[in-house]
Amino acid sequence: MQLVAGAGLIAASSRSAPPASVVRPHTIDAVLAALADCPDPVLVAGGTHLCAEYLTGRRPGTLVALDRVRGLGEIAIEPGMLRIGALVTHEAGPKHPLLRTHLPEFADAWAMIANTRVRGWASIGGNLMARHTRYELSLLLSALQAQLVCLTPSGATQRLSPAEMWETQTPCLLHHVAIPLREGHAFSYRRELRPVVTVAVCRDATGARAAIATEYRRPVLLTDASIDTLPDDFADPVSSAWYLRRAGAVLLGRGRADVGLHG
Ligand SMILES: Cc1cc2nc3c(=O)[nH]c(=O)nc-3n(C[C@H](O)[C@H](O)[C@H](O)COP(=O)(O)OP(=O)(O)OC[C@H]3O[C@@H](n4cnc5c(N)ncnc54)[C@H](O)[C@@H]3O)c2cc1C
């Protein structure tokens, strides 16, 4: 604790965030203009990840708050797609009737993320755009073959897979996530060995696929939902490739059974 004139006793950590400009646009165009023109802009959705980043030394020049922007918080059906706005929170998303009707297993998986205190603020967009290997939505959405629809500061639209998003460094606004709705859809998420290894499996009329990740590795897509397609070098600082292949195969087998794949 420190005694600060005019403020009284405050925790040292409360003083560690240095000053930054704050802008609170109302429209998507104004967000894009801020991304283009403001010094070192950082978008703020729920702020749950950014708070943690402050503690590791991140120092944004301009905080661009998204809380007043219209059009980022809806869930809707489009032809063949379910669309989830980037600001939809972990609390609201899994309870939404469209999610419960069309993608109930994904809704259940999303509902497992984080704790009550965080879930009301944390957004799907922040989870994805943090590009943090410990966060789970990139894995879930990889298996679902979702697309992340982004707007660049110039207003161009980009549609990226979750894997492509990890490679993209250019500043952009994630507008929404588009998840294909297909005949015969079934989905399973196995996180009982988290953080060592997690696996999501999806089956539909186009085939089956799975994604696997660890606390330290971004998701890898397993074609045909087969552990045989896992790269030989899939290891992380605490688990060997041999161990992850064995543990991953167990989870994959459970996930395959969940979605009605046998053998
Ligand atoms: C205690 C705790 C427990 C947690 N447990 C889990 C867990 O079990 N599983 C899990 O997956 N996650 C977990 N998390 C992480 C949590 O899910 C993320 O912190 C959260 O989703 C981030 O969302 P946010 O809205 O707070 O993002 P913010 O902190 O506002 O932003 C995060 C990053 O994304 C960027 N960003 C945000 N929105 C956009 C957008 N629309 N377009 C472009 N960039 C954007 C920001 O600039 C920033 O870089 C946990 C977090 C905490 C604090």
Which residue out of 255, 207 is at positive phi and either over 20 Å from the mean Cα position of the chain (by Cα) or modelled with pLDDT under 95 (or both)? 207
Tell me, yes or no, whether the range 101-108 has at least one residue that is outside any helix (DSSP H, G or I) and within 10 Å of the ligand (Cβ to nearest atom). no
Which of the residues spanning the range 34-49 are within 7 Å of the ligand (Cβ to nearest atom) and without any contact (Cβ under 8 Å) to a residue 60 or more places away in the chain? 42, 44
The lone exception for residue 244 - which of (1) surrounded by fewer than 17 Cβ atoms within 10 Å (Cβ to Cβ); (2) of a type in the set (A, V, I, L, M); (3) in contact with a strand residue (DSSP E or B) (Cβ under 7 Å, 6 or more places away or on another chain) it fails: (1)
If a residue has to be away from the ligand (no atom under 15 Å from the Cβ) and either in contact (Cβ under 8 Å) with a residue 24 or more places away in the chain or part of a helix (DSSP H, G or I) (or both) to count, how many in the range 76-100 make the cut? 10
I want to confirm something. Restricting to the range 26-75 and keeping residues that are in a loop (DSSP other than H, G, I, E, B) and β-branched (Val, Ile, Thr), which single residue is farthest from residue 157 (Cα to Cα)? 56
Just to be sure, is residue 174 buried (at least 19 other Cβ atoms within 10 Å of the Cβ), away from the ligand (no atom under 15 Å from the Cβ), more than 20 Å from residue 209 (Cα to Cα) and not hydroxyl-bearing (Ser, Thr, Tyr)? no
Filter result (buried (at least 24 other Cβ atoms within 10 Å of the Cβ) and either among the polar types (S, T, N, Q) or near the ligand (Cβ under 6 Å from one of its atoms) (or both)) within the range 123-135: 123, 125, 126, 127
In the range 61-75, the residues that are over 17 Å from the mean Cα position of the chain (by Cα) and either within 13 Å of the ligand (Cβ to nearest atom) or hydroxyl-bearing (Ser, Thr, Tyr) (or both): 61, 62, 63, 64, 65, 67, 69, 71
Would you mind telling me which numbered condition in (1) outside any strand (DSSP E or B); (2) under 26 Å from residue 101 (Cβ atoms) residue 234 fails? (2)
Sort through 80, 57, 47, 73 and tell me the only one that's of a type in the set (Gly, Ala, Ser), modelled with pLDDT under 95 and out of contact with any Cys (no Cβ under 7 Å at 6 or more places or on another chain). 57
In the range 17-37, residue surrounded by the most Cβ atoms within 10 Å (Cβ to Cβ) [restricted to those that are modelled with pLDDT of 95 or more and not aliphatic (A, V, I, L, M)]: 25
Provide a single number: the residues in the range 232-247 that are among the small types (Gly, Ala, Ser) and either over 16 Å from residue 194 (Cβ atoms) or free of Cβ contacts under 8 Å to residues at least 40 places away in the same chain (or both). 3
Subset of the range 206-235 [among the acidic types (Asp, Glu) and surrounded by 18 or more Cβ atoms within 10 Å (Cβ to Cβ)]: none
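The values are calculated or read from the model by the stated rules, or taken from the named source; none is laboratory data. A quick note: this is a predicted structure, and the numbers were derived from the prediction, not measured. Quick reminder, even Gly has a Cβ in these numbers, built from the backbone with ideal geometry, and neighbours come from all protein chains shown.
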